[in-house]
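Here is the structure we will look at, set down as structure tokens.
The values are calculated or read from the model by the stated rules, or taken from the named source; none is laboratory data. Predicted, not measured: the structure shown is a model, and the values here were computed from it. Positions of Cβ are generated from backbone atoms using ideal geometry, with glycine treated the same way; all protein chains shown enter the neighbour counts. Heavy atoms of the whole protein, side chains included, go into the accessibility calculation; ligands, DNA and RNA do not. Shrake-Rupley method; radii C 1.70, N 1.55, O 1.52, S 1.80 Å.
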Amino acid sequence: MSVVPDTTTKVTFTDNNTKFNTAGVQYIINPYDEMSLTRALELTEAQGGTVTVIHVGLADSEPSVRKALAIGAHEAVRINAEASDATLVAKEIANWAADKEFDLILTGRESIDYNGGMTGGLLAAHLGLPFVNVVSKLDINGGEATAVRDIDGGKETVQVMLPFVASAQKDLTEPRIPNMRGIMAARSKPLTVVDPGGASAKGQHQSYEMPPAKGAVQLIEPDNAAELISILHNEAKVI
Amino acid sequence: MNVLIFAESSEGNFKKAVFEAVSYGKQVAEGGEVVALCASAQMPSDDVLASLGTYGANKVLKSAIQEDRPAAMADVLASAAKEVNAEVIIVSNNYNGKSIAPAVAVALDASIATGVISVPDTANGFSVKRGVFSGKGFGHVALNGAVKVLAITPNTFAIQEGGSHASVSDFAASIGANAYQVKSSSIDKVQGKIPLTEAELVVSAGRGMKGPENWGMIEELASLLGAATACSKPVADMDWRPHEEHVGQTGITIKPNLYIAIGISGAIQHLAGVSSSKVIVVINKDPEAPFFKVADYGIVGDAFDVVPKLIEAAKVLKSAQ
Ligand SMILES: Cc1cc2nc3c(=O)[nH]c(=O)nc-3n(C[C@H](O)[C@H](O)[C@H](O)COP(=O)(O)OP(=O)(O)OC[C@H]3O[C@@H](n4cnc5c(N)ncnc54)[C@H](O)[C@@H]3O)c2cc1C
Ligand SMILES: Nc1ncnc2c1ncn2[C@@H]1O[C@H](COP(=O)(O)O)[C@@H](O)[C@H]1O
């Protein structure tokens, strides 16, 4: 589970455009991870089992990890390392998960901050598990899962034996929000902090830029709407 | 440097994104070897494979696999990278490319960057520019691995012709036991319509359309322009339109040449998925709609009045072409 700036965040950069400006930014559970968590809870409620949340990050992300417990996760683990890139995150999680026996590992399709979309696939490769990317439907029947994944130009239904890694796409389920009982229960659930295994990053964002400012919009009178088509054809040359 | 490009085929042919990737690879190689690899269960003909030479490939490797599974393609791509000593491996930043890239990176202990929108800057190490914060910014990421896997954003790099024919040869790869563990039971492709993720022109509509019964004019305009249709999140949530049309932060991110937004307010989460479009047109009856701030062209007016006029004008344009 990754922790990201709220979707309404106005993105700016500081320190000569070398850092994301975190001033006033609210952090949330990555939306796709909320879906993974909820689907995992639904599956364990119907079929038994427990849900563990794993997060690679520093102590400042703990409120979001607690929120995952309040939503219903049974336990949480935080690997105490800065999540500087997906290579490091996936390797740390793989080291930690290698001797545990999970039937299913769910990630999000991507983190909405760095939009990498790589952690799930890297993790699967490290663990030698099958990987199903961008899954909008997931059911488990005995030892086999059926999933619907996005492919270029459509969707594909696939079958795969447990254990495997899948990444969540919207529509997987409707994310749950924590209720009062969940929040109370979360206080007594285990949140274990473990030391990192020393994986190193292979990529570093060094500087940033804002998208180029748009010029003012060119307005066309509704009565002359037809003119838009000729502008798009002759001036913008896109149709 | 030596560059290896994953040339994804579809029904025995290559799509535009492959020509972009080969043209990009040629630029990255700076005179080094440019190799394209096609791993497929439906292999294109040798002529089609050799045509990648036009865009700068020196050599095309072909490797037949049993089924078109990303895991099998990744195995072949990783072994080809070792074979040709590739320093940079290029895939398209689409669903298939992003399913393959991480497995290749692990096999080669490589650095990885997705959503890449620049050629590498090698003046001081190796860095590329990529989209971050869902279209709200760009980042320059320095990659320190000896090998780099780059997933390049479609519709970003120009197709460059002028090369000659490439040599085509078979490549026998070792495919791991895991390659076919995920079994396909059915594929549901968008029929008779342009898939949104590949569309160069997109007509999109939002809650301003009032109800699903009013989408006839949206579809008519799209079909006259040869555009795909898209929608805002609430429209998909209310099942007015299929979910795969939903664009934005939690939907699909697109980068077409033209995005026409009709009756969409332009919420920040919606813009996250469409703001990289080259030309944005907004039609909204509210002059204060935030979408106008990022639009190139706009009409402040009622969609039910404006869209039929656009349809008429598009018909005239079409008949003149
Ligand atoms: C976590 C999160 C993620 C989200 N992700 C997404 C996402 O991925 N994609 C997305 O789209 N949204 C997303 N949203 C929702 C987003 O915040 C907006 O609510 C949504 O985009 C609004 O959709 P809309 O513009 O169609 O509807 P509205 O905001 O209701 O806007 C309708 C617009 O139509 C105009 N209009 C009305 N009648 C007419 C007419 N007759 N002619 C012309 N114009 C007319 C109105 O002036 C108005 O501007 C997300 C929200 C959250 C909290
Ligand atoms: N720091 C992290 N800790 C745990 N999981 C993460 C972390 N970063 C990313 N992930 C998971 O990987 C998914 C894809 O992230 P990314 O590769 O960063 O786009 C996220 O949706 C999470 O499920």
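Brief remarks on what is shown
- Cβ pairs under 9 Å, 6+ apart, first in segment A:111-124 and closer than 8 Å to residue B:132 by Cα, second part of a loop (DSSP other than H, G, I, E, B) and away from ligand 1 (no atom under 16 Å from the Cβ): A:114/A:85
- Residue A:113 being within 16 Å of ligand 1 (Cβ to nearest atom), within 17 Å of the chain's Cα centre (by Cα), modelled with pLDDT under 95 and of a type in the set (Asp, Glu): no
- Condition met for residue A:228 (within 16 Å of ligand 1 (Cβ to nearest atom), surrounded by 14 or more Cβ atoms within 10 Å (Cβ to Cβ) and part of a helix (DSSP H, G or I)): yes
- Among residues of segment B:238-281, those that are of a type in the set (A, V, I, L, M), within 9 Å of ligand 1 (Cβ to nearest atom) and over 15 Å from the mean Cα position of the chain (by Cα), counted: 7
- Test: residue in segment B:30-41 that is in the same structural domain as residue B:154 (by TED's automatic domain parsing), in contact with a Ser or Thr (Cβ under 9 Å, 6 or more places away or on another chain) and surrounded by fewer than 24 Cβ atoms within 10 Å (Cβ to Cβ): yes
- Failed criterion for residue A:134 (all others in (1) open to solvent by 10 Å² or more (accessible area, probe 1.4 Å); (2) part of a strand (DSSP E or B) hold): (1)
- For segment B:70-104, the tally of residues that are within 11 Å of chain A (Cβ to nearest Cβ) and either in contact with a Cys (Cβ under 9 Å, 6 or more places away or on another chain) or open to solvent by less than 10 Å² (accessible area, probe 1.4 Å) (or both) stands at 7.
- Selection within segment A:1-29 - of a type outside the set (Val, Ile, Thr), within 16 Å of ligand 2 (Cβ to nearest atom) and either part of a helix (DSSP H, G or I) or in contact with a helix residue (DSSP H, G or I) (Cβ under 9 Å, 6 or more places away or on another chain) (or both): A:1, A:2, A:5, A:20, A:27
- Qualifying positions in segment A:159-181 - open to solvent by 40 Å² or more (accessible area, probe 1.4 Å), assigned to a loop (DSSP other than H, G, I, E, B) and within 9 Å of chain B (Cβ to nearest Cβ): A:171
- Residue B:168 falls short on exactly one of the conditions (1) of a type in the set (A, V, I, L, M, F, W, C); (2) in a loop (DSSP other than H, G, I, E, B); (3) more than 16 Å from residue B:128 (Cβ to Cβ), and that condition is (2).
- Identity of the residue in segment B:171-204, part of a loop (DSSP other than H, G, I, E, B) and within 30 Å of residue B:224 (Cα to Cα), that ends up most open to solvent (accessible area, probe 1.4 Å): B:191
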